[in-house]
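The values are calculated or read from the model by the stated rules, or taken from the named source; none is laboratory data. This one's a predicted model, so the numbers in the text were calculated from it and none came from an experiment. FYI the Cβ positions are ideal-geometry reconstructions off the backbone, even for glycines, and counts take in every protein chain you see. Keep in mind that these areas ignore ligands, DNA and RNA; they rest on the heavy atoms of the full protein, side chains included. Shrake-Rupley method; radii C 1.70, N 1.55, O 1.52, S 1.80 Å.
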Amino acid sequence: PEFPPQPLPPAARLEPVARVIQVVEKATGLVLWGEYDRDAIAAAFGSQNNPSWKVGHRDIDVGDQHHTVLMVTLRKAGQSKIEHRYADRFLSRTEFQWESQASTKVAHLKGKRIIGHEKEGRSLHLFVEYDSHQDFTYLGTVKYLAHEGEAPMRVRFQLRAALPEALSRIWS
């Protein structure tokens, strides 16, 4: 509908070179492996980017749906404070290790929401950027596997879709 029919010259000869299989519609919602900045991530959850979206762990409710959004930077070499150099990394193409902020404890709300997300009906969304100030790549929802320690908590998640080989080579 965006493009009106184009007139052809009277002597033009047409030969079909393709066949329409289906109409492709614009994606709505988050797209697996899609790239998003913080504005787009906040908007995907019915919010606006504000200082509360600067943190890497954000709990948000959209209607009766509960979400936890994890925004992770893998390469932290430029960060001067040692306490901000979290041990976030891929253990395999289907397993991710995430380290919480130093104040997060198992018995606190953020810790409980991570560990009990399935029981609570909470979706855990993982967004990863390789370096600061890049767009985040959406890795989909993840499943809690296990954790160790607290303040900070080191948590292992299972990705529902394996990390593509090309990203695995770059990010591992």
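Points worth noting:
- Among the residues of segment 58-71, those that are open to solvent by less than 70 Å² (accessible area, probe 1.4 Å) and either modelled with pLDDT under 95 or polar (S, T, N, Q) (or both) comprise VAL62, THR68.
- Applying a threshold of 9 Å to beta carbon distances and a minimum spacing of six or more residues, or different chains, the list of pairs starting in segment 73-95 at a residue that is assigned to a loop (DSSP other than H, G, I, E, B) and ending at one that is among the β-branched types (Val, Ile, Thr) and at pLDDT 65 or above reads LEU74/VAL128; GLN79/THR73; TYR86/VAL72; TYR86/THR73; ASP88/VAL72; ASP88/THR73; ASP88/VAL128.
- Across segment 145-156, a minimum of one residue is classified as modelled with pLDDT under 95, touching a Lys or Arg at 6+ places or on another chain (Cβ under 7 Å), open to solvent by 80 Å² or more (accessible area, probe 1.4 Å) and part of a loop (DSSP other than H, G, I, E, B).
- Lone qualifier among LEU32, LEU14, LEU8 - being within 30 Å of LEU109 (Cβ to Cβ) and part of a loop (DSSP other than H, G, I, E, B): LEU32
- Candidates in segment 82-100 are the residues that are out of contact with any strand residue (DSSP E or B) (no Cβ under 7 Å at 6 or more places or on another chain) and either of a type in the set (D, E, K, R) or at pLDDT below 90 (or both); of these, the one that is farthest from TYR144 (Cα to Cα) is ILE82.
- Per-region count, segment 98-137, residues open to solvent by less than 20 Å² (accessible area, probe 1.4 Å) and under 14 Å from the mean Cα position of the chain (by Cα): 9
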